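To start, the structure itself, in structure tokens.
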Amino acid sequence: MILKEETSDGSTKGEDAEDNDAYRIFAAIAYAVVLIVIGLPLWWKTTDVYRVSLPYSRIAALDSLDVTLGMNISISTIDPARGGRLVADLKDIFKTSKLFQLTFLALPLEKKDLASVHSPEDLENASLQPRKPGELLLLEVPGLSRFTANHVLAGLKRTVYFSSETTAVKLSEVLESWLLQEKSLRQTVAAMTAPTETDQDRSGRRRMPTAAEYDIMITVVNPEPEKLHLNWDLPQAVQDYLEPLLQELSLLAAYAVKSQWLYFVTLNVQPKLVTETSGSGYQHYALAEDILPQIITPLEKKLASHVSRNPCLNFIVYIPPCEAAPLHIYRRQGMRVKGGVDAFLSPRWGGIVIHNPSSLICHNTSVPEPKEYSPDTAAIMGIFLAQLRLLMGIPELKEISRVGQLPLSTVSLRQWEFDALLRVRTLEQLTSAKLTLQSLSQLLGEISNIVINDAVGSSIYRAVNCVEHAADLLKTGQLDQAFNESKEAFLSAEAAFTDPSLLALLYFPDDQKYAVYIPLFLPVMIPVILSLKSIHAWLFGRMNFKTKLKED
Amino acid sequence: MMVVLHTIFSGLLCLQCISSVICTPQKDYFDEELLLKPLPSGHVYAYFQFTTLWDVDFEATSFQHCHLFPRALGEIVGRYNVQELHISLTEGLWRHETWGYPVHDAAPGAELWAWFKESTKNIDKTWKELAGALSGLLCVSFNFVDASNSLNPEFTFRPAGIVSSGAVNSSYLRYSTLPREIVCTENLTPWKKLLPCDAKKGLSTLLNAGHIHNTNYHSLGLHLRPVCRDTTCSQMSVELRQTVSLVYDMVILGTGNQDWSIKKLFGIGLSGACPLATMSNIYIDIALNETGAHFQLTPTPPAVITSTRGGHKSKFAVYDIKALDIDGMFNIAAVYSSSRVYGVNIPPVLFANRYIIGYGQERGGIVTKLHNGHWQALDVVYLENIPWFIPLYLHTLKIVANGKEIKPLLKRFIPGKARARPYYLEVALRLPARSITEISLEFDYVFLKWQEYPPDANHGFYIGAAVITSLLPVGRNYTGLPQDGSTITSSFNASRDGYLVQLRTETLIITMPTPDFSMPYNVICLTCTVIALAFGPLHNITTKRLRLKNKEQNYVIRWFKSKLTRSSEMKEKQS
């Protein structure tokens, strides 16, 4: 142990010793400077995990982000007083809505506007149709009963026609369960934020998860090509039937359509032979609803892609050979499916159609094998279209008495259906982006080894900005822009969360660090830190000495 | 969860479409063939070829809708802008000297080369992605293929199919081998899945893993190229050849005689042709029947073809499976008149051997011996593909033919760069008539970074096979297909000006100096301890001085002492 001597005696020997002491203290100071002033910050800097400063408070504030959908609904009636009454009633009904901020406007309607209308299609072509996505027009058509038995008729664009005797309650019912689908929207958001408490509704369970691009794969399965030869131009059929709908959905995401033929792939289930007892003795094969899930598994191994990372919607046509035809799907109750459509849908995966070759070809023994058969393109593609709509998130509508919709003929998607879909997707993407950002920020708080480089940092900033911007746009009713913003937010948040650079240092655990640092740093730092005491004492002593000298 | 669909779709149909649906048959054809060739050495060579021809433009969009062509492969080809693709997965070494030339020569391990379209932007990146996708498709370690083990040789590889522009630009070519790759069932199964009939019908039912992997040599191949649709060549078609080469050693099969049959080789008879195939044939080379051991085929072949090719005559028995009325299992057997007679082995015109020279772990060398048995000089191109961690010296390149040094016609050399590119050497040579030419090169053994050693580093490092390319003037021992042909049938009576052979030599294995892998951790621990131990005294010496102690003691020690004395006093009192 060293004890500091008082150096105030002023003898020459003392001065010498003081000089020597000064050198030693300088050496100690040098050690301390090199190790503590230079070494420690250098070590800290070089071993620091790089992390861009992130908007944690803004991410936390997303929890209380006010997501309301602003929307303009115009009501056109011939009688302005009735219009005003409807507006007041509807306002009253939708006052309690938590998600929608509806603005009802009464628009005057001239009789001459409807003078030239002879069919619902004429109404569709009238100039008063709202153009902007998300808007709606409720149009009173006095003689609606001329065209339809229904009181309310949903059009192909953004208009709902109603007869003069329709009440505000009826209109609100149509708005609520068909056009706005608020319950479904709220359930979607709730199921995403608290998946353990709320389940997705029927339509939410079927809908494909959001993505920037989807693959659509049509597969034709012909288990016995030596017996049945199919004459079918599949690429052309896809082009003709699916492209129009995909074109209309192209705002939502991009689509890559592929098709393939599979031979010698069997269903791996044994259908039961059924002979109809009532008279005709019609023989067919029955496939019970319960075993349908087993059909997908043997097909799966031929459906994967080695290139694409997009979610894939699979559509499969199974054409049974003549010996196993006709093959029908039976429900649990032992009945055939209503309408005789032998098809089923697997949520978030795709659909399968069983298309039986016509009995005319199968039972004609004069035709040599392989028998030529051209499948009914319209029937198969029609089912696929219906399934594609469900998988993309256009729900089946609940029936309301005396409410109908114009049939799809020239287009494959009603504009208000598309608007509803935009709303669901926007909310889904917003919620997903929000949750992703929040879990990322939580993860960063818990694991200090995660690197956030500039690119990831900027995509987090972009995601946060987009979420906030999209919420603002939704409030003002700019649905299409809000959708684009939310998509950007969703993609940026996903990209940030799944970036491989996050994991760069994750394999390097803390205990390994200490295993290396402690044997080196502890023995080195202890003498240096202890020497600080003597440096301090020496400096203090010198100061005292100097002040003393001055005083003297 | 399944939901049976109730929706009636009647409203969805678009009427304007229906008129435009005109049924056009898919323009693609599938052929399956098997060539069986008894070799003079007593081995049997079985070569399967499954050819898919598809009359479609070689565009990315064409591959979106596939019929007989495998979609999984089509997607990859379309996505990565591939012009031509060749893959071979091989176990064992093809012995040219005794077996002649195979239809497709393949290097031991995995070999991959591809030509990209001229519109491809970043070829190195696309190449890596293509290899990655193929590794998923075929369960091969192609994910290890990147710029550091890929070459673009200038002379050895030419596009096998048609090309749009006249000049060949080898910068669109990438070639890589993985000599350490072990080929097994996990490669055969996905390979079979690419066939339209899978392994359910036709000749592919003969490919049973148990009977393929007990051969002396087996090689899976996949060759994709654009070909002419007709003789005028105004339109393109896509040709995909899937091949399996097998060499059976009848001694290993252990039947005590030389007889072989389909059932004996493949473990199963043939139940029929693939219904999707336009052609389904089995060819048996019966030329050896006349010159070597005599054998009888049962059932008697329906047709025998005599093929003259490059002055060499051969005879093939042809079984058309589609024409045969097969009931149950079909089998072809060759019954020999004597128990075991081997034919006279006439080695092919050109063959090669390769080995390592040198001793110790300092200097080594590679020697390749090229045997030219022809009465004329032969021009060959020799391609060497040496990994970057084996530094090669060009000045040590020595080419000696029959004891006399010869000058190469052409030399291309790009030295390797550590972790960036391999050593590339391509030499064009004129081999003198009836000569043995030795090409020797020297290299150094080096240390690698400790993370670059593979697991089991003491096993050694592989050097890929050299490729020797030549255009032979004679067709002896030659079984390859002509460039304008797609099927084995096209090789009958196909006399051409020259016969392209590409020999792959042996792969080599060298032992690199291998460190003790626990060393880095030991070093860290040791240096830390030494530094820590040395620092304390150093610090003390430089900052402190030994000095006589003052009597006055530190108060801590004083306090301890007082405690101690007090407790001892207490004890004394108690005692």
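The values are calculated or read from the model by the stated rules, or taken from the named source; none is laboratory data. Predicted, not measured: the structure shown is a model, and the values here were computed from it. FYI the Cβ positions are ideal-geometry reconstructions off the backbone, even for glycines, and counts take in every protein chain you see. Remember, those area values only see protein heavy atoms, side chains included, never the ligands or the DNA or RNA. Shrake-Rupley method; radii C 1.70, N 1.55, O 1.52, S 1.80 Å.
Tally up the residues in the range B:453-472 that are polar (S, T, N, Q) and surrounded by fewer than 14 Cβ atoms within 10 Å (Cβ to Cβ), please. I'd like the intermediate steps shown before the answer.
So in the range B:453-472, the residues polar (S, T, N, Q) come out as B:458, B:469-470.
Applying the additional criterion that residues be surrounded by fewer than 14 Cβ atoms within 10 Å (Cβ to Cβ) yields B:458.
Number satisfying all stated conditions: 1.
Can B:THR507 be described as facing chain A (nearest Cβ under 10 Å), surrounded by 11 or more Cβ atoms within 10 Å (Cβ to Cβ) and either of a type in the set (Ser, Thr, Tyr) or in contact (Cβ under 8 Å) with a residue 40 or more places away in the chain (or both)?
Details: facing chain A (nearest Cβ under 10 Å): no; surrounded by 11 or more Cβ atoms within 10 Å (Cβ to Cβ): yes; either of a type in the set (Ser, Thr, Tyr) or in contact (Cβ under 8 Å) with a residue 40 or more places away in the chain (or both): yes.
In short, no.
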* So which residues in the range A:518-536 are farther than 14 Å from B:ASN540 by Cβ and surrounded by 14 or more Cβ atoms within 10 Å (Cβ to Cβ), if there are any at all? -> A:PRO519, A:LEU520, A:PHE521, A:MET525, A:LEU532, A:ILE535
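Any chance the range B:445-452 includes a residue that's assigned to a helix (DSSP H, G or I) and either among the charged types (D, E, K, R) or open to solvent by less than 20 Å² (accessible area, probe 1.4 Å) (or both)? Reasoning before the result, please.
The first filter runs over the range B:445-452 and keeps only residues assigned to a helix (DSSP H, G or I), leaving B:450-452.
Next, only the ones that are either among the charged types (D, E, K, R) or open to solvent by less than 20 Å² (accessible area, probe 1.4 Å) (or both) stay: B:452.
There is at least one residue in the range B:445-452 that is assigned to a helix (DSSP H, G or I) and either among the charged types (D, E, K, R) or open to solvent by less than 20 Å² (accessible area, probe 1.4 Å) (or both).
Please find, among A:LEU234, A:LEU228, the residue that is open to solvent by less than 10 Å² (accessible area, probe 1.4 Å) and more than 9 Å from chain B (Cβ to nearest Cβ).
Working: A:LEU234 fails: more than 9 Å from chain B (Cβ to nearest Cβ).
The unique qualifying residue is A:LEU228.
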* Is there any pair with a first residue in the range B:148-166 that is part of a loop (DSSP other than H, G, I, E, B) and a second that is open to solvent by 20 Å² or more (accessible area, probe 1.4 Å) and charged (D, E, K, R) whose Cβ atoms are under 7 Å apart and which are 6 or more apart or on different chains, and what are they? -> B:ASN152/B:ARG174; B:GLU154/B:ARG412
* Any idea which of (1) farther than 21 Å from B:LEU35 by Cβ; (2) over 15 Å from the mean Cα position of the chain (by Cα) is the one B:GLY100 doesn't satisfy? -> (1)
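Name every residue in the range A:429-479 that is of a type in the set (D, E, K, R) and open to solvent by 50 Å² or more (accessible area, probe 1.4 Å), in order of residue number. Talk me through it step by step, then tell me what you get.
Taking the range A:429-479 and keeping what is of a type in the set (D, E, K, R), we get A:434, A:446, A:454, A:462, A:468, A:472, A:475.
Passing the criteria: A:GLU446, A:ASP454, A:ARG462, A:GLU468, A:ASP472, A:LYS475.
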* **Which listed residue, of B:TYR47, B:TYR101, is at pLDDT 95 or above, farther than 30 Å from A:THR377 by Cα and more than 14 Å from chain A (Cβ to nearest Cβ)** => B:TYR47
* **Neighbours by Cβ (under 7 Å, 6+ apart or cross-chain): first from the range A:524-547, under 14 Å from A:ARG24 (Cα atoms); second aromatic (Phe, Trp, Tyr)** => A:VAL528/A:TYR31; A:SER531/A:TYR31
* To do: Give me the pairs, please: first residue somewhere in the range B:269-293 and free of Cβ contacts under 8 Å to residues at least 60 places away in the same chain and closer than 18 Å to B:TYR478 by Cα, second residue anywhere and in a strand (DSSP E or B) and polar (S, T, N, Q), beta-carbon distance under 7 Å, and either six or more positions apart or on two chains.
  => B:ALA287/B:SER314
* Asked: Is there any pair linking a residue in the range A:249-260 that is away from chain B (no Cβ under 14 Å) to one that is among the hydroxyl-bearing types (Ser, Thr, Tyr) and open to solvent by less than 10 Å² (accessible area, probe 1.4 Å), with Cβ under 7 Å and at least six apart or on different chains, and which?
  -> A:ALA253/A:TYR214
* To do: Report whether or not A:VAL160 is among the aliphatic types (A, V, I, L, M), at pLDDT below 90, open to solvent by 40 Å² or more (accessible area, probe 1.4 Å) and closer than 24 Å to A:LEU406 by Cα.
  => no
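Quick grid of which residues meet (1) among the acidic types (Asp, Glu); (2) closer than 30 Å to A:ASP480 by Cβ; (3) assigned to a helix (DSSP H, G or I); (4) assigned by the TED database to the domain that holds A:SER145:
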site: A:TYR31; (1), (2), (3), (4): no, no, yes, no
site: A:VAL34; (1), (2), (3), (4): no, no, yes, no
site: A:LEU40; (1), (2), (3), (4): no, no, yes, no
site: A:ALA61; (1), (2), (3), (4): no, yes, yes, no
site: A:LEU107; (1), (2), (3), (4): no, yes, no, yes
site: A:LYS112; (1), (2), (3), (4): no, no, yes, yes
site: A:VAL117; (1), (2), (3), (4): no, yes, no, yes
* Asked: Somewhere in the range A:314-333, is a residue touching a strand residue (DSSP E or B) at 6+ places or on another chain (Cβ under 7 Å), within 12 Å of chain B (Cβ to nearest Cβ) and either assigned to a helix (DSSP H, G or I) or open to solvent by 70 Å² or more (accessible area, probe 1.4 Å) (or both)?
  -> yes
* Determine whether B:THR505 is under 60 Å from the mean Cα position of the chain (by Cα), at pLDDT 80 or above and among the polar types (S, T, N, Q). => yes
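Can you find even one residue in the range A:34-53 that is closer than 30 Å to A:ALA420 by Cα and surrounded by fewer than 14 Cβ atoms within 10 Å (Cβ to Cβ)?
Checked the range A:34-53: no residue is closer than 30 Å to A:ALA420 by Cα and surrounded by fewer than 14 Cβ atoms within 10 Å (Cβ to Cβ).
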* Asked: Among the numbered criteria (1) at pLDDT 90 or above; (2) surrounded by 23 or more Cβ atoms within 10 Å (Cβ to Cβ); (3) touching a helix residue (DSSP H, G or I) at 6+ places or on another chain (Cβ under 9 Å); (4) farther than 20 Å from B:GLU384 by Cβ, which single criterion is violated by B:ARG79?
  -> (2)
* To do: Could you look through the range B:516-530, keep only residues that are open to solvent by less than 70 Å² (accessible area, probe 1.4 Å) and more than 10 Å from chain A (Cβ to nearest Cβ), and pick out the one that is nearest to the chain's Cα centre (by Cα)?
  => B:SER518
* Can you pull out the residues in the range A:268-305 that are within 11 Å of chain B (Cβ to nearest Cβ) and in contact with a Ser or Thr (Cβ under 9 Å, 6 or more places away or on another chain)? -> A:LEU292, A:PRO293, A:ILE296, A:LYS302, A:LEU303
* To do: State which residue is surrounded by the most Cβ atoms within 10 Å (Cβ to Cβ) when the search covers only the range B:113-143 and only residues that are more than 14 Å from chain A (Cβ to nearest Cβ) and under 13 Å from the mean Cα position of the chain (by Cα).
  => B:ALA114
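For (1) out of contact with any Phe, Trp or Tyr (no Cβ under 9 Å at 6 or more places or on another chain); (2) closer than 30 Å to B:ILE346 by Cβ, each residue gets a yes or a no:
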position: B:SER486; (1), (2): yes, yes
position: B:THR489; (1), (2): no, yes
position: B:ASP497; (1), (2): yes, yes
position: B:ILE524; (1), (2): yes, no
position: B:LEU533; (1), (2): yes, no
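Take A:VAL403 and decide whether it is at pLDDT 90 or above and crowded, with 19+ Cβ neighbours inside 10 Å. First the steps, then the outcome.
Working: at pLDDT 90 or above: no; crowded, with 19+ Cβ neighbours inside 10 Å: yes.
Taking the combined requirement at face value, the residue does not satisfy it.
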* B:LEU324 fails exactly one of the following numbered conditions: (1) touching a residue at least 24 places away in the same chain (Cβ under 8 Å); (2) more than 30 Å from B:GLU506 (Cα to Cα); (3) hydrophobic (A, V, I, L, M, F, W, C). What is the number of that condition? -> (1)
* To do: Identify all residues within the range B:154-194 that are aromatic (Phe, Trp, Tyr) and surrounded by fewer than 19 Cβ atoms within 10 Å (Cβ to Cβ); write none if there are none.
  => B:PHE155
